[in-house]
Amino acid sequence: MDRCVVLVDAGYLLGAAASLLAGEPARSRITVDHSVLIQALRERAEADTGCRLLRIYWFDGAPDRVPQPEHRRLRVMPRVTVRLGALTRSEGRWAQKGVDAAMHAELTELARNRACSDIVLVTGDGDLLPGLMSAKEHGVAVHLWAVQAADGDYNQSEDLVAEADERRVLDRAWITRAVRARDLTGVCPPRPDTRPEIAAILSAPLPEPPPAPSAGTPVATGAGTGAPPVEQVETAAGAAPAAAPGRNGTRPAADERPGDSGPGKGVPTPKDLAGLGRPAAHTPHAAPAATLRWSSDRGWVERGAPGESPEAAALPMLAQLTTAEQRWADREEDITTVSGDPYEVGQVFARRWIDRLAHPGHLRTLSAEYPRIPHRIDGELLRYAARFGLLAHKDDQIDERDRYAIRAGFWREVDARTADEPAPTGE
């Protein structure tokens with residue numbers, strides 16, 4: 001049959017692309033537009049082989065073979081099949097297990113069944129040499145594609161190169177159609193900040209957990225220092241330390257909030273921001289601005305601070321606001337467009353919650369709770385974030401830095417929706 005099949009070793013393709021664009025093979029150094037990449041592979045394969053595409057097989061590793069966000073997006077694309085091997089960590093380095101064997105089996109099976117006339121291999125691993133030779137013996141033309149090497153040398157097995165019927169190089173211009181080097185200057189890409197302190201929290205060192213209190217010792221930190229105590233509370237992802245809230249444990253008044261301008265407005269100074277994201281006991285003489293803090297009222301709770309208001313406790317959860325049709329559409333969006341970046345996850349969750357509210361007053365109630373996300377909503381937010389593989393290899397807990405980013409994205413979306421709303425007038 002005059003059809004072609006593409007077998008992609010994702011570890012080779014994306015690792016080599018990272019080396020070319022970012023100077024090291026870590027895939028965390030690049031961002032990939034998978035829909036553009038798949039379309040480019042299809043067009044290139046059909047042009048090089050002169051055959052219609054039958055299918056693209058995407059071979060990759062994943063922790064415990066659990067599909068990651070990129071795999072979920074890929075496997076619902078037309079003409080794409082995802083095959084996952086294991087991803088294991090040894091001596092501080094990640095290694096794929098079973099990917100080569102799966103590629104070898106697919107290669108030989110396609111050739112033996114005469115499912116196609118041409119096979120494109122995007123790989124550099126010499127372990128596929130026996131499979132390549134077997135495919136040739138069954139009358140299949142084998143095309144070997146390489147990613148341009150950063151040093152201009154081969155990044156493929158020379159035996160594999162010698163046995164291929166055709167060879168092509170995917171150069172920098174082709175790669176950059178879908179792949180970009182990631183900007184690592186911050187945890188999140190720069191955005192116009194309504195609350196600048198969120199960016200300060202994300203860039204600050206993580207707080208150290210307070211020592212466990214001995215029996216009979218009051219649960220409080222920062223006592224006698226003149227600074228608010230530090231709150232450590234339980235979340236749906238486990239215990240996590242958090243910074244102190246704003247003045248008097250509440251959201252700053254309008255004339256105190258960072259980001260306001262004009263006479264009398266409380267724009268934070270570098271000294272103010274230096275204490276954000278750290279235990280208040282470390283900065284006894286600075287009045288910290290409002291910071292992100294964990295939301296639950298269980299576990300360690302700041303003494304003397306007001307608890308969750310009855311209005312906040314009664315706010316509806318996203319599941320209560322979502323119809324069956326919306327739930328299906330949400331799942332489709334999660335699979336196809338949401339990248340799984342913690343900041344973006346928080347934004348998406350907040351956007352859906354706000355869009356489905358029946359009463360605008362609920363949004364004002366939530367905003368007034370800043371920086372505390374009501375416990376039920378926060379738990380639902382963390383469970384939603386867990387869908388995107390953020391729990392993998394982290395002892396079933398979301399990483400602390402990711403939790404900061406998730407909540408920062410949540411509040412950023414709330415700020416964007418409330419910035420232009422007129423303040424409610426008193427009766």
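The values are calculated or read from the model by the stated rules, or taken from the named source; none is laboratory data. Predicted model only: the values in this text are computed from it and were never measured. When we count neighbours, we look across all protein chains shown, and the Cβ atoms used for this are built from the backbone with ideal geometry, even at glycine.
Here is how the numbers come out for the structure above:
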item: Subset of region 139-158 (residues that are more than 15 Å from CYS4 (Cβ to Cβ) and surrounded by 12 or more Cβ atoms within 10 Å (Cβ to Cβ)); result: ALA146, VAL147, GLN148, ALA149, ALA150, TYR154, ASN155, GLN156, SER157
item: Meets criteria (assigned by TED's automatic domain parsing to the domain that holds GLU413, in contact (Cβ under 8 Å) with a residue 24 or more places away in the chain, in a helix (DSSP H, G or I) and of a type in the set (D, E, K, R)) for ARG372; result: no
item: Residues of region 350-369 that turn out to be of a type in the set (A, V, I, L, M, F, W, C) and not in a helix (DSSP H, G or I), as a count; result: 2
item: Residue check, ILE30 crowded, with 16+ Cβ neighbours inside 10 Å and more than 21 Å from the chain's Cα centre (by Cα); result: no
item: Residue in region 68-81 that is farthest from VAL147 (Cα to Cα), counting only those that are touching a strand residue (DSSP E or B) at 6+ places or on another chain (Cβ under 6 Å) and crowded, with 18+ Cβ neighbours inside 10 Å; result: GLN68
item: Number of positions in region 129-177 that are in contact with a strand residue (DSSP E or B) (Cβ under 6 Å, 6 or more places away or on another chain) and in a loop (DSSP other than H, G, I, E, B); result: 5
item: Matching residues, region 17-41, being under 18 Å from THR123 (Cα atoms), at pLDDT below 90 and either part of a helix (DSSP H, G or I) or hydroxyl-bearing (Ser, Thr, Tyr) (or both); result: ARG27
item: Residues of region 313-330 classified as under 17 Å from PHE349 (Cβ atoms) and aliphatic (A, V, I, L, M), total; result: 6
item: Residue tally, condition in contact with a Leu (Cβ under 9 Å, 6 or more places away or on another chain) and not acidic (Asp, Glu), over region 85-112; result: 11
item: Test for ARG65: is it free of Cβ contacts under 8 Å to residues at least 40 places away in the same chain, surrounded by fewer than 19 Cβ atoms within 10 Å (Cβ to Cβ) and either over 23 Å from THR176 (Cβ atoms) or of a type outside the set (Ser, Thr, Tyr) (or both); result: yes
item: Options PRO25, PRO63, PRO78: the member that is assigned by TED's automatic domain parsing to the domain that holds ILE119 and in contact with a Ser or Thr (Cβ under 6 Å, 6 or more places away or on another chain); result: PRO25
item: Unmet criterion (only one of (1) farther than 27 Å from ASP33 by Cβ; (2) touching a helix residue (DSSP H, G or I) at 6+ places or on another chain (Cβ under 7 Å)) for GLU325; result: (2)
item: Residue list for region 113-128, filter: in contact with a Leu (Cβ under 6 Å, 6 or more places away or on another chain) and part of a helix (DSSP H, G or I); result: GLY126
item: Candidate set: region 60-84, residues that are part of a strand (DSSP E or B) and in contact with a Leu (Cβ under 7 Å, 6 or more places away or on another chain); chosen: the one farthest from GLY98 (Cα to Cα); result: VAL80
item: Selection within region 82-124 - among the basic types (Lys, Arg) and surrounded by fewer than 18 Cβ atoms within 10 Å (Cβ to Cβ); result: ARG89, ARG93, LYS97, ARG112, ARG114
item: Hits in region 159-181 - residues which are without any contact (Cβ under 8 Å) to a residue 24 or more places away in the chain and within 24 Å of PRO130 (Cβ to Cβ); result: VAL161, ALA162
item: Any hit, region 169-186, residues being under 25 Å from ALA101 (Cβ atoms) and either at pLDDT below 90 or within 27 Å of the chain's Cα centre (by Cα) (or both); result: no
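Residues checked against (1) at pLDDT below 95; (2) over 14 Å from TRP58 (Cβ atoms); (3) outside the structural domain of GLN156 (by TED's automatic domain parsing):
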| residue | (1), (2), (3) |
| --- | --- |
| LEU74 | yes, no, no |
| ARG89 | yes, yes, no |
| GLY92 | yes, yes, no |
| ASP100 | yes, yes, no |
| ARG114 | yes, yes, no |
| ASP118 | no, yes, no |
| LEU121 | no, no, no |
